[in-house]
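Asker: Below is a structure I'd like to ask you about.
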Amino acid sequence: MILDGRKPPLPSADKRWRLVDAAMRRNGYRPQGLIETLHAVQEAFGYVDDAALRFVSQSLQVPPSQVLGVTTFYHQFKMKPQGRHTCVICTGTACYIKGNDRALEHVQKTYGVSVGGTTPDKELSLVAARCVGACGLAPVVILDGVVVGKLVDEAVQARIREWLKT
C-alpha cells in the first residue's frame, strides 16, 4: 500500500528484515497483510519489538495503535524475547474449575517467573491463556507447542520438571 512509491527503509541491515519485507510484498503492502506480516516478524526474530511495530505500521500504512492492538490481542505474538521453553497454562473456565489456577501459581513460585515473563536463566517463559480451545482435555497446559491435557496439579509439575531437562 505504498501510495507515493516509497517504502520505509529496513530498520537495520539484519537479513531477517528481508523476510519480513517479502511477506509484506506478497500482500502488496496492503493493510490486510498485517497478521501475516506480524507472523513473519515473530518467526524471524522470536518476538515483535517496538522497532518492528513502527516498521510494519509505516510499511502497511496502518496506525501504530492498530498494529499494537493486533499484536497484544493474539497470545502467540510476544513483545519480549522468550525463553528456550514456553509453558502456556490455560485459565479458561473448564481448566480453572479443574485446578489450573493452582498449577499456574505453583509454576510461578517454583520457577520464580511471572505470567508473561521469562526466568533469569532464559530457560522458561510462562504464558497464561484465557482459553486454548481444548476444554474437553481440561486442565490443559501447552509445553513448547504440544498440548498436554487431563493433568492434575502434581502431574503438571512433574511434566514440566521432566520437560525442562530436555
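Asker: Once you place label points 7 Å from the Cα toward the Cβ at Arg159 and Thr119, how far apart are they in nm?
Answerer: Taking the two extended label points, one gets 1.8 nm.
Asker: Mind putting a number on the dipole of the stretch 17-146 about its Cα centre? Charges go on the C-beta only, +1 for Lys and Arg and -1 for Asp and Glu, and I need it in Debye to the nearest 20. Please report the intermediate quantities before stating the final value.
Answerer: Working: 13 positive and 10 negative charges, 35 e Å.
The dipole of the stretch 17-146 has a size of about 160 debye.
Asker: So what's the back-of-envelope 222 nm ellipticity for the chain, counting only DSSP H runs of four-plus at -39500 (n - 2.57) apiece and dividing by all residues, rounded to 500? Mind dumping the intermediate values first?
Answerer: Working: 7 runs with 74 residues, N = 166.
Calculated at 222 nm, the ellipticity per residue is -13500 deg cm²/dmol.
Asker: Counting only residues 5 or more places away or on other chains, whose amide H sits under 5 Å from the amide H of His85 once H atoms are built in the peptide plane?
Answerer: Counting only residues 5 or more places away or on other chains, the set is Leu124, Ser125.
Asker: Residue by residue through the stretch 109-115, which ³J(HN,Hα) values in whole Hz follow from phi under the Karplus form 6.51 cos²θ - 1.76 cosθ + 1.60 (θ = phi - 60°), with glycine and proline marked x?
Answerer: Whole-Hz 3J(HN,Hα) from phi for the stretch 109-115: 6, 5, 9, x, 10, 9, 4.
Asker: So what's the angle, to the nearest 10 degrees on a 0 to 90 scale, between helix 16-26 and the longest Cα principal axis of the chain?
Answerer: Value to nearest ten degrees: 70.
Asker: Give the percent of DSSP beta bridges with both residues in the stretch 57-144 that are antiparallel, rounded to the nearest 5.
Answerer: Values: 4 of 10 bridges.
DSSP beta bridges in the stretch 57-144 are roughly 40 percent antiparallel.
Asker: If you don't mind, another one. If the cut-off is 18 Å between C-alpha atoms, which lysines fall inside it for Lys150, apart from same-chain ones fewer than 8 positions away?
Answerer: Within the straight-line cut-off, Lys150 pairs with Lys98.
Asker: Could you list Phe73, Phe55, Phe45 in order of exposure, starting from the residue whose Cβ has the fewest other Cβ atoms within 10 Å? Mind showing how you got there, number by number?
Answerer: Details: Phe73 8, Phe55 24, Phe45 18.
Ordered by Cβ neighbours within 10 Å, fewest first: Phe73, Phe45, Phe55.
Asker: Right, next: Of all DSSP beta bridges in the chain, what percent run antiparallel (nearest 5)?
Answerer: Working: 7 of 13 bridges.
For the chain, the DSSP antiparallel bridge percentage is about 55.
Asker: Taking the chain as a whole, which cysteines find no other cysteine Cβ under 4.7 angstrom from their Cβ?
Answerer: Cys87, Cys131, Cys135
Readers should treat all values here as calculations from the given coordinates under stated rules, not as data from a laboratory. Being a predicted model, the structure only gives us computed values, none of them experimental. Please note: Cβ atoms are built from the backbone with ideal geometry, for glycine as well, and neighbour counts cover all protein chains shown.
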